[in-house]
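To start, the structure itself, in structure tokens.
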Amino acid sequence: MNILGIHDGHTATACLIQNGKVIFNISEERFTKIKGQGGFPTLAVQYILREANLTPKDIDAVGLVGLAKPLTSIKEYNSGRQLIFPYLLKAFPLDPRNLIKSYIRFAGKKRLKDEALIKNFENIGIDLSKVNVFEHHQTHAATAYYMSGFYQKNEDTLVITLDGSGDGLSGTVSVVKNGKWERLKEISSIDSLGIVYGRATQYLGMKPWEHEYKLMGMAPYCNEEYAQRAHKIFSKYLTLSEDGLGFTNPTRNWGNSLLEAMRRDLKTIRFDAVSAGVQLLHENLATQFVINWIKKTGISNVAVAGGSFMNIKANKLLIESAECKNLFVMPSGGDESCALGACLLIHNEKSDTKNEPLLHLYWGPDNKEEQILETLKKYADKIDFEKSADIELKSAQLLAEHKILGRVSGRMEWGARALGNRSIVANPSRTENLRDLNIAIKMRDFWMPFAPSILWESRKDYAVYPKDKEVDAYLMTIGFDSTELAKDHLRAALHPYDQTMRPQYVKADYNPAYHKMLNHFKDITGIGGVLNTSFNLHGMPIVNDTEDAIYTLLHSDLDYVTVNDYLIWKKK
């Protein structure tokens, strides 16, 4: 059965599942080169159909995300319902949450009648009768549960979603027993933890939906006194409900009115304290909220998804808690994961077989030999190259010499994190490499950390593990404290201030080529990991193909680029 998933909001994405296996999952930005590209993922769908050798008629069902048309751009923050709802919250004397529910039900009836959407499906040749529309948080929850491994083992699972907003909700709580779902809690968008964080990001002049991680990176630099002062202000905007099982917005400030409140309340607070205050709010509320539900349900297998769970510091606190025994965090769990959730919902409704659990994220395009050679010849006047008999060994040798490499290998990873196949890698053992890397290409904010890729076999040499817990954090979803050895070996890949890390643990059966390179690097240097960051120019999406890789090489000071077995460098 061929199932296509489509998310046509911000970070538009298309996904294909065949008989319970993810075949492709690709965001539109990788083709348009516009980071966070919103709208209908036409190019991604066309690529998937072509590479999977399918015609539109071969698609058995389509999952479309969103009862209401999702926002496609941050520009919509200042138009439409984003303007109307803040006014209603202030002017409407009754609880407006039911009003929002009514609006979503109304919008859902019109979703497949939208002329632009109809035309988009016509353009890709898919019959509208095949399209199933799913609620936003239903798709988030599906990725958390069906990808977790708890489903395949038929274990009782607590499923929690948290984000900014989707179909009038910012969170849900469900339990799944014997495959049967029961939604226990819905959290209105009015009471959104994600929106508080997003508007704080906007208040500091950064991009909401994209730069929240910069606040998380800044937070550790602030001293406790200033952090608590800012936290006290943020705590006015959102609290846990009286029973501890939800969130409450006591001010009725939301959206643009919340931003105005921040401009008024935070005007004497330093930027680092704002970052620390909102991060502290998130950590306290999100962690206690999940723990309260574990106690309420008695279920300690926890699967989570949604953009708010991309906060690796809060996830760290959760897995360190006594109450949470097993935690699955859907990687890149923002809205780019919703297309996958829509596919999973259809598969598990229509099929008697269970889908595969999450094994890897290498669901994007590959670079075929003839395409690589064609592109290399195209740039022959600007680059030199050679084919290596052992590119992983050659890469490790160059890294040992403190060269910085852009790495393109096999299929592109899906999502927000580079996981070795579209990564820039560097020797993590000296802090000078941070400066060199930023000068060469990344131009990251001065306070932001990089991350390590670590051999699975070396993980406990470098990460401080929660007592009596095995954390399978191979997709950069959880933060860890670092060991003394890590502070020596991986110093450039740790947070510069608090020495925590967001590791990718690399398994041989998960990414054999990357694992081989890391093993060679360890044999040469004694270090079981490398610095890993996304392969892209500042402000652009992660590279897709050989063309992107060479363009990035020519417009940066990278030392080398590798594409599969080819080593490439600029002509002198």
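The values are calculated or read from the model by the stated rules, or taken from the named source; none is laboratory data. Keep in mind that what you see is a predicted model, and the values were worked out from it rather than measured. Here the Cβ is made from the backbone with ideal geometry for all residues, glycine too, and neighbour counts use every protein chain on show.
List of remarks:
- Hits in the range 497-508 - residues which are closer than 21 Å to Cys222 by Cα and surrounded by 17 or more Cβ atoms within 10 Å (Cβ to Cβ): Gln499, Thr500, Met501, Arg502
Listed here are the residues, each with its yes/no results for (1) touching a Ser or Thr at 6+ places or on another chain (Cβ under 7 Å); (2) of a type in the set (A, V, I, L, M, F, W, C); (3) in the same structural domain as Lys35 (by TED's automatic domain parsing); (4) over 24 Å from Leu88 (Cα atoms).
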| position | (1), (2), (3), (4) |
| --- | --- |
| Glu155 | no, no, no, yes |
| Thr161 | yes, no, no, yes |
| Val175 | yes, yes, no, yes |
| Ser192 | yes, no, no, no |
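- No other residue among Ile391, Ile424, Ile383, Ile372 is β-branched (Val, Ile, Thr) and within 28 Å of the chain's Cα centre (by Cα) apart from Ile424.
- Across the range 282-326, the number of residues qualifying as over 16 Å from Ala141 (Cα atoms) and in a helix (DSSP H, G or I) comes to 23.
- Conditions (1) surrounded by fewer than 19 Cβ atoms within 10 Å (Cβ to Cβ); (2) at pLDDT 95 or above; number of the one not met by Gly171: (1)
- Exactly one residue among Glu386, Glu413 is surrounded by 20 or more Cβ atoms within 10 Å (Cβ to Cβ), in the same structural domain as Ser453 (by TED's automatic domain parsing) and not small (Gly, Ala, Ser), and that residue is Glu413.
- Given (1) in a loop (DSSP other than H, G, I, E, B); (2) out of contact with any Phe, Trp or Tyr (no Cβ under 6 Å at 6 or more places or on another chain), index of the condition Thr375 fails: (1)
- Checking each residue in the range 312-333 for being surrounded by 24 or more Cβ atoms within 10 Å (Cβ to Cβ) and of a type in the set (S, T, N, Q) picks out Asn315, Ser332.
- Test: residue in the range 429-441 that is assigned to a loop (DSSP other than H, G, I, E, B) and at pLDDT 95 or above: yes
- Applying the criterion of being over 28 Å from Trp414 (Cβ atoms) and among the acidic types (Asp, Glu) to the residues of the range 449-479, the residue that is surrounded by the fewest Cβ atoms within 10 Å (Cβ to Cβ) is Asp468.
- Qualifying residue in the range 402-420 (condition: more than 30 Å from Ala276 (Cα to Cα) and acidic (Asp, Glu)): yes
- Pick from the range 267-303, criterion free of Cβ contacts under 8 Å to residues at least 40 places away in the same chain and crowded, with 18+ Cβ neighbours inside 10 Å, ranking: farthest from Gln152 (Cα to Cα): Glu283
- Take the conditions (1) more than 18 Å from the chain's Cα centre (by Cα); (2) closer than 26 Å to Glu356 by Cα; (3) modelled with pLDDT of 95 or more; His7 misses just one of them, which is (1).
- Of all the numbered requirements in (1) of a type outside the set (Ser, Thr, Tyr); (2) in contact with a strand residue (DSSP E or B) (Cβ under 8 Å, 6 or more places away or on another chain); (3) surrounded by fewer than 18 Cβ atoms within 10 Å (Cβ to Cβ); (4) at positive phi, Gly306 misses one, and that requirement is (3).
- Candidate set from the range 482-495 (those that are touching a residue at least 40 places away in the same chain (Cβ under 8 Å) and touching a helix residue (DSSP H, G or I) at 6+ places or on another chain (Cβ under 8 Å)); member that is nearest to Thr525 (Cα to Cα): His489
- Within the range 1-48, the set of residues being polar (S, T, N, Q), surrounded by 24 or more Cβ atoms within 10 Å (Cβ to Cβ) and part of a strand (DSSP E or B) comprises Thr13, Asn25, Ser27.
- Hits in the range 15-37 - residues which are farther than 14 Å from Pro365 by Cβ and among the small types (Gly, Ala, Ser): Gly20, Gly36
- Within the range 480-496, the set of residues being modelled with pLDDT of 95 or more and either surrounded by fewer than 20 Cβ atoms within 10 Å (Cβ to Cβ) or aliphatic (A, V, I, L, M) (or both) comprises Asp481, Thr483, Glu484, Leu485, Ala486, Lys487, Asp488, Leu490, Arg491, Ala492, Ala493, Leu494.
- Taken across the range 113-126, residues that are farther than 28 Å from Ile34 by Cβ and in contact (Cβ under 8 Å) with a residue 60 or more places away in the chain do not occur at all.
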